[in-house]
Structures are given as C-alpha cells and as structure tokens.
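Take a look at the structure below.
A short reminder: the numbers here are calculations on the coordinates, not readings from a lab. This structure is a prediction, so every number in the text was calculated from the model and none was measured. Because the Cβ atoms are built from the backbone with ideal geometry, glycine has one as well, and the counts that use them run over all protein chains shown.
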C-alpha cells in the first residue's frame, strides 16, 4: 500500500498511452508539493506525459473541492503513482517474411491530494506574506527609480530645449545683423550708383557745352574768313 492511499481525494486516468516508467519520472517531481507548485512544475516539464499528469492533478483538485468541500489553496499531493496497464501487441514486417513484435505499453496514473497540516499552512502563509511584502517593496523601489529616471530625462530634455532656444535666438540675432549690414551695403551701393550717374550726366553736359562752344567758334572763324575774302575781292576790283 502506498503512503496516503487511504486518505485524501484521488483521481485516476486509466490506459494512458505511455509506459509506467516514463510517468514515474515525472510523478517523482511533484510528490509532496502543494498543488500550485506541482502545477507549475508540470507546466514547465518538457516530457510529453507531464500533460496527462497535469490533467489528472486538476481532476483530483476538482474532486476535492466539489465532493469533499476542500479549499484548493490548502491541498498538496500526498501520493502519486503509476501502475502498469494493458499492453497492445503489434507486429512490424521484417525481411525474409519475418515479423517483429511491438509492445505498446499503457499505464494507470493515480494522483491523491489532501489538506496540509496547520503548521505547514502557517509556514506557507508566512512565506507568501514575506514574498508579497518584498514584492511590494521592490515594486515601490522600481517605481521610485522610474520616477527619478523620468525626472532626470525631463530635466535633460528641458536643458536641450533651452539650449536650442538660445541657439535659435543667437542665429536670429546674427541673421538680423547680417540683414541690416546687407541693407546698409545695398543702400551705399545705390547711393554710389546714383552719384556716378549724376557725375556722368554732368560730364556729358559739360562735354556737350564744350562741343557747342567749339562749333560756334569754328563758325565764327569761318564767317570772318568769308568776310575777309569778300573784302579782298572788292578791293581788287
């Protein structure tokens, strides 16, 4: 008789398509654990039989809750075992007309759960409270670190924004100074161009006056020569 077989609430899965030796390897991992830890172990076990054992464990917990009015959080695996089931005999064809026998094993998986003792429940409850307190403290520490990082990041962003604003203001001042200087240069160039145009106009007017004066002098000389020639001819006559 297996220890704990007479007490507790059981669930049995019969004719599971796996050998009992494979199931016993996984059952040894959950024996004596509370149902929550056992379920986590089965969920993380990579062996295929762990899925069937997990179903049996859930059935045992459901039987204890519904039939025996037990609290699921107070249950643990008091016993679990696997018995040999019927063997399916098959044959595989081989060379020269022979046949090789294939034995497909099955097993019966039994999981028994019972209520934990008050001492063990007190230990588990204290451990859970300590874990929750440490979890809350670590969460508060994480929140505080996150808040500090957010404030530091905000300060860095504000500093960068202020630096960008200063750079923009300086560039605007430089652009305004450049624009004023360019405007002054343009006005000076326009004034110089106007002065050059006026000087050119005055020079042209002076040259025109000089040309008219020279033309008038030449015409006067020509007329005086004509008068001299006429007077000479009259004297000769």
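Build a GNM of the chain with springs between Cα atoms under 10 Å apart, and of 218, 177, 50 the one that fluctuates most is 218.
Remark: region 120-209 projects, on average over all directions, an area of 7.4 nm² (convex hull of Cα atoms). Counted by neighbouring Cβ atoms within 10 Å, the residues 149, 96 run from fewest to most as 96, 149. The helix-only estimate of mean residue ellipticity at 222 nm for the chain, built from DSSP H runs of length n ≥ 4 each weighted as -39500 (n - 2.57), is -24500 deg cm²/dmol after division by the residue total. Between region 39-63 and region 176-192, what's the alpha-carbon centroid distance in Å? Using only Cα atoms to place each centre, the spacing works out to 89 Å. Taking label positions 7 Å along the Cα-Cβ direction at both residue 207 and residue 87, the computed distance is 13.2 nm, reported to one decimal. Using 0.36 nm per residue and subtracting the Cα-Cα separation, the extra length available between residue 190 and residue 67 on full extension is 33.5 nm.
Legend: calculated FRET efficiency, residue 144 to residue 28, from the Cβ-Cβ distance at R0 = 41 Å, rounded to 0.05, equals 0.40. Largest mean-square fluctuation among 124, 78, 168, in a Gaussian network model of the chain whose springs join Cα atoms under 10 Å apart, belongs to 168. For region 24-77, averaging the sequence separation of C-alpha pairs within contact (under 8 Å, six or more residues apart) and dividing by the residue count gives a relative contact order of 43 percent. Between 181, 214, 170, find the one with the highest GNM mean-square fluctuation for the chain; connect C-alpha pairs within less than 10 Å. It is 214.
Here the label points at residue 216 and residue 169, each 7 Å from Cα along the C-beta direction, are separated by 7.1 nm in the simple model. With neighbours defined as other Cβ atoms within 10 Å of a residue's Cβ, the residues 107, 80 order from fewest to most as 107, 80. Panel values: region 33-190, Kirkwood radius from alpha carbon pairs, Stokes-Einstein at 37 °C and 0.692 mPa s, translational diffusion coefficient 137 µm²/s. Look at the alpha carbon pairs under 8 Å that are at least 6 residues apart: their mean separation over the length of the chain gives a relative contact order of 20 percent. In this simple spin-label approximation, residue 231 and residue 200 carry label points 7 Å from Cα along the Cα→Cβ vector, and these lie 4.9 nm apart.
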